[in-house]
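**Q** Dumping the structure here so I can ask a few things about it.
The values are calculated or read from the model by the stated rules, or taken from the named source; none is laboratory data. All values reported here derive from a predicted model rather than from experimental measurement. Using ideal geometry, Cβ is built from the backbone for each residue, glycine included, and neighbour counts are taken over all protein chains shown.
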Amino acid sequence: MSRLASGLFWIAIYLGLVLAPIAVLFLGEPPPPGGFWWDLSIALGFAGLTMMGVQFLLTARFKRATAPFGIDIIYYFHRYAAVAGFLIVVAHPVVLFVNDPSLIIYLDPLTAPGFMTAGVLSIVALTTIVVSSTWRAKLRLSYDAWRVMHSALAAGAVLLALWHVHSIRFYLADPWKRHLWTVITLSWLAVLVHVRVVKPWTLKRHPFRVTDVRAERGDAWTVAVEPDGHSGFTFQPGQFAWLTIGHGPFAMKEHPFSIASAPGLPAGRVEFTIKELGDFTRTVGNLERGATAWVDAPYGAFSIDRLPAEGYVFLAGGIGIAPIMSMLRTLVARGDRRSHILFYAYRTWERLTFREELEAMAETLDLRLVFVLEEPPEGWTGETGRIRSNLLARHLPEPIPSDRIYLVCGPQPMIQASERALRALGVPLGRIHSELFNLV
């Protein structure tokens with residue numbers, strides 16, 4: 001099955017999972033007539049609930065389902081779908097209260113039935129999820145604390161919503177409808193068990209060991225791990241992994257990092273280059289050789305092996321160079337003879353990660369290096385500022401080659417600016433591929 005066909009298949013599966021429970025409402029014995037606004041509210045409630053439940057599937061990291069899109073795209077879709085689902089859920093009681101203000105008495109937990117209070121608490125949990133996820137940095141929530149809270153609130157919100165739905169009997173009056181929702185509930189619980197129990201148990205049986213920790217320019221560290229008692233895993237250059245070090249695989253302490261090494265290193269060795277940016281990454285330099293690591297991999301669609309072309313134009317910003325280094329190192333190992341260009345934006349020359357290795361690669365590959373500095377040193381004659389269309393035009397062949405693939409990775413503002421610049425130069429959208437590594 002082609003990537004397009006596979007992608008359309010999984011999109012259809014998603015829409016079916018979200019819309020099927022709503023369609024079920026119109027089958028079997030109809031509920032008591034309540035008017036348009038009442039029926040709309042009920043439909044919104046069921047739609048919101050199913051969107052909430054399917055969110056667990058989006059973050060379960062099922063490789064076959066995420067392969068056509070790249071898991072970074074799936075996680076971004078998860079983020080926006082969560083907001084859409086939240087608004088639909090909130091619209092459910094709002095429509096009811098606007099249509100019949102007397103129903104507002106059900107907001108009082110002292111007098112309302114338990115299942116109504118469960119619905120209110122579900123919305124409170126969802127509100128907390130959205131607020132804490134959107135403004136995590138401003139709220140100064142650590143990634144690990146936020147992740148535990150996010151998972152607990154998500155599970156609680158869905159379970160409370162299911163209690164609310166199952167208690168409103170006249171919408172599930174037919175036995176087969178109750179059985180269907182029981183199956184749906186069990187399937188969501190099965191996904192939770194898979195993510196929190198089965199997957200960590202599988203990882204525990206395949207440990208890795210930290211074999212090297214070395215400093216790089218720009219407050220970055222390269223951490224090398226090797227499989228301990230097993231053969232490791234295969235990956236494509238540019239893919240990434242979830243890495244756990246210092247905790248067991250059940251601890252929910254994994255972090256996503258791009259693989260910076262080329263595939264096929266001796267002893268199954270895999271290297272990650274990590275910049276000191278957050279709570280965990282600031283401690284990477286203190287890791288000890290021999291420490292146990294757990295690696296959930298590989299993931300991602302950002303790879304030259306998935307995007308064949310006559311040559312590649314790489315655009316990197318900051319530590320976004322890591323997956324591109326994996327691809328460049330792979331090209332070196334394969335003795336590649338195609339023509340490539342790397343635009344690498346960084347703040348200063350002295351802190352530019354992999355500077356020396358990139359210059360050495362340019363002697364081996366047909367690779368043109370264009371460094372773009374925000375704060376250039378005295379006497380700098382190269383490019384300055386940020387990546388813009390006029391800067392790209394000075395270095396790309398004329399006319400803009402249509403047989404190349406343009407691979408972009410870096411902070412989100414840099415990615416957006418680079419994509420706009422490439423489109424302004426007439427690069428077809430289908431030739432531009434970005435890695436959105438800020439997943440949380």
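**Q** I'd like to verify a number: residues in the range 197-218 that are among the basic types (K, R) and touching a helix residue (DSSP H, G or I) at 6+ places or on another chain (Cβ under 8 Å), how many?
**A** Step one: of the range 197-218, the residues among the basic types (K, R) are 199, 204-205, 209, 214, 217.
From what is left, the residues that are touching a helix residue (DSSP H, G or I) at 6+ places or on another chain (Cβ under 8 Å) are 217.
Counting residues in the range 197-218 that are among the basic types (K, R) and touching a helix residue (DSSP H, G or I) at 6+ places or on another chain (Cβ under 8 Å) gives 1.
**Q** So, of the residues in the range 264-302 that are under 26 Å from R351 (Cα atoms) and of a type in the set (G, A, S), which turns out to be modelled with the lowest pLDDT?
**A** The qualifying residue modelled with the lowest pLDDT is G278.
**Q** Taking T117, is it surrounded by 13 or more Cβ atoms within 10 Å (Cβ to Cβ), under 20 Å from Y80 (Cα atoms) and of a type in the set (S, T, N, Q)? Spell out how you get there, then give the answer.
**A** Numbers: surrounded by 13 or more Cβ atoms within 10 Å (Cβ to Cβ): yes; under 20 Å from Y80 (Cα atoms): no; of a type in the set (S, T, N, Q): yes.
So T117 fails the test.
**Q** For E29, only one of the following conditions fails: (1) modelled with pLDDT under 90; (2) buried (at least 19 other Cβ atoms within 10 Å of the Cβ). What is its number?
**A** (2)
**Q** In this structure, does I73 turn out to be more than 25 Å from I184 (Cβ to Cβ) and either touching a residue at least 24 places away in the same chain (Cβ under 8 Å) or crowded, with 19+ Cβ neighbours inside 10 Å (or both)?
**A** Numbers: more than 25 Å from I184 (Cβ to Cβ): yes; either touching a residue at least 24 places away in the same chain (Cβ under 8 Å) or crowded, with 19+ Cβ neighbours inside 10 Å (or both): yes.
Taking the combined requirement at face value, the residue satisfies it.
**Q** Right, next: Just need a number here: residues in the range 185-213 that are surrounded by fewer than 12 Cβ atoms within 10 Å (Cβ to Cβ) and outside any helix (DSSP H, G or I).
**A** 1
**Q** I'd like the residue in the range 132-155 that is buried (at least 16 other Cβ atoms within 10 Å of the Cβ) and among the charged types (D, E, K, R) and, out of all such residues, is nearest to R282 (Cα to Cα).
**A** D144
**Q** Same structure again: Check V165, V124, V158 and return the single one that is over 26 Å from T281 (Cβ atoms) and either surrounded by fewer than 17 Cβ atoms within 10 Å (Cβ to Cβ) or out of contact with any helix residue (DSSP H, G or I) (no Cβ under 8 Å at 6 or more places or on another chain) (or both). Please lay out each step first, then the result.
**A** On the way: V165 fails: either surrounded by fewer than 17 Cβ atoms within 10 Å (Cβ to Cβ) or out of contact with any helix residue (DSSP H, G or I) (no Cβ under 8 Å at 6 or more places or on another chain) (or both); V158 fails: either surrounded by fewer than 17 Cβ atoms within 10 Å (Cβ to Cβ) or out of contact with any helix residue (DSSP H, G or I) (no Cβ under 8 Å at 6 or more places or on another chain) (or both).
Sole residue among the options that is over 26 Å from T281 (Cβ atoms) and either surrounded by fewer than 17 Cβ atoms within 10 Å (Cβ to Cβ) or out of contact with any helix residue (DSSP H, G or I) (no Cβ under 8 Å at 6 or more places or on another chain) (or both): V124.
**Q** In contact (Cβ under 8 Å) with a residue 40 or more places away in the chain, farther than 22 Å from R306 by Cβ and in a helix (DSSP H, G or I), is that true of G7? Steps first, please.
**A** Numbers: in contact (Cβ under 8 Å) with a residue 40 or more places away in the chain: yes; farther than 22 Å from R306 by Cβ: no; in a helix (DSSP H, G or I): yes.
Against the criterion (in contact (Cβ under 8 Å) with a residue 40 or more places away in the chain, farther than 22 Å from R306 by Cβ and in a helix (DSSP H, G or I)), G7 does not qualify.
**Q** So, T292, is that one β-branched (V, I, T) and farther than 13 Å from A322 by Cβ or not? Steps first, please.
**A** Working: β-branched (V, I, T): yes; farther than 13 Å from A322 by Cβ: yes.
Yes.
A quick yes/no check of all residues on (1) surrounded by fewer than 19 Cβ atoms within 10 Å (Cβ to Cβ); (2) in a strand (DSSP E or B):
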| residue | (1), (2) |
| --- | --- |
| V223 | no, yes |
| E226 | yes, yes |
| G229 | yes, no |
| G232 | yes, no |
| H247 | yes, no |
| A262 | no, no |
| L277 | yes, no |
| R282 | yes, no |
| V295 | no, yes |
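**Q** Return the residues of the range 329-346 that are over 15 Å from P308 (Cβ atoms) and aliphatic (A, V, I, L, M); say none if nothing qualifies.
**A** If the condition is that a residue be over 15 Å from P308 (Cβ atoms) and aliphatic (A, V, I, L, M), then V332, A333, I341, L342, A345 are the ones that fit.
This table checks each residue for (1) touching a residue at least 24 places away in the same chain (Cβ under 8 Å); (2) of a type in the set (A, V, I, L, M, F, W, C).
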position: W221; (1), (2): yes, yes
position: D228; (1), (2): yes, no
position: L243; (1), (2): yes, yes
position: A260; (1), (2): yes, yes
position: G278; (1), (2): yes, no
position: N286; (1), (2): no, no
position: A293; (1), (2): yes, yes
position: G320; (1), (2): yes, no
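**Q** Considering each residue of the range 116-145, count those that are assigned to a helix (DSSP H, G or I) and either at pLDDT 90 or above or not assigned by TED's automatic domain parsing to the domain that holds M52 (or both), and give that number. Lay out the reasoning, then the answer.
**A** In the first step, residues of the range 116-145 are kept if they are assigned to a helix (DSSP H, G or I); the result is 116-134, 143-145.
If we keep only those that are either at pLDDT 90 or above or not assigned by TED's automatic domain parsing to the domain that holds M52 (or both) as well, we get 116-133.
Summing the residues that are assigned to a helix (DSSP H, G or I) and either at pLDDT 90 or above or not assigned by TED's automatic domain parsing to the domain that holds M52 (or both) in the range 116-145 gives 18.
**Q** Which of (1) closer than 30 Å to A241 by Cβ; (2) out of contact with any strand residue (DSSP E or B) (no Cβ under 6 Å at 6 or more places or on another chain) is the odd one out, the single condition I71 does not satisfy?
**A** Among (1) closer than 30 Å to A241 by Cβ; (2) out of contact with any strand residue (DSSP E or B) (no Cβ under 6 Å at 6 or more places or on another chain), the lone unmet condition for I71 is (2).
**Q** Here is a further query. Determine, yes or no, whether I405 is in contact with a His (Cβ under 7 Å, 6 or more places away or on another chain), within 22 Å of A322 (Cβ to Cβ) and in the same structural domain as Y346 (by TED's automatic domain parsing). Break it down into steps so the answer makes sense when it comes.
**A** On the way: in contact with a His (Cβ under 7 Å, 6 or more places away or on another chain): yes; within 22 Å of A322 (Cβ to Cβ): yes; in the same structural domain as Y346 (by TED's automatic domain parsing): yes.
Spelling it out, I405 is indeed in contact with a His (Cβ under 7 Å, 6 or more places away or on another chain), within 22 Å of A322 (Cβ to Cβ) and in the same structural domain as Y346 (by TED's automatic domain parsing).
**Q** Can you find even one residue in the range 313-328 that is part of a loop (DSSP other than H, G, I, E, B) and either assigned by TED's automatic domain parsing to the domain that holds F69 or not acidic (D, E) (or both)? Steps first, answer last, please.
**A** Applying the first criterion (part of a loop (DSSP other than H, G, I, E, B)) to the range 313-328 yields none.
Taking every residue of the range 313-328 in turn, none turns out to be part of a loop (DSSP other than H, G, I, E, B) and either assigned by TED's automatic domain parsing to the domain that holds F69 or not acidic (D, E) (or both).
**Q** Has the range 32-42 got at least one residue that is touching a helix residue (DSSP H, G or I) at 6+ places or on another chain (Cβ under 8 Å) and on the phi > 0 side of the Ramachandran plot?
**A** yes
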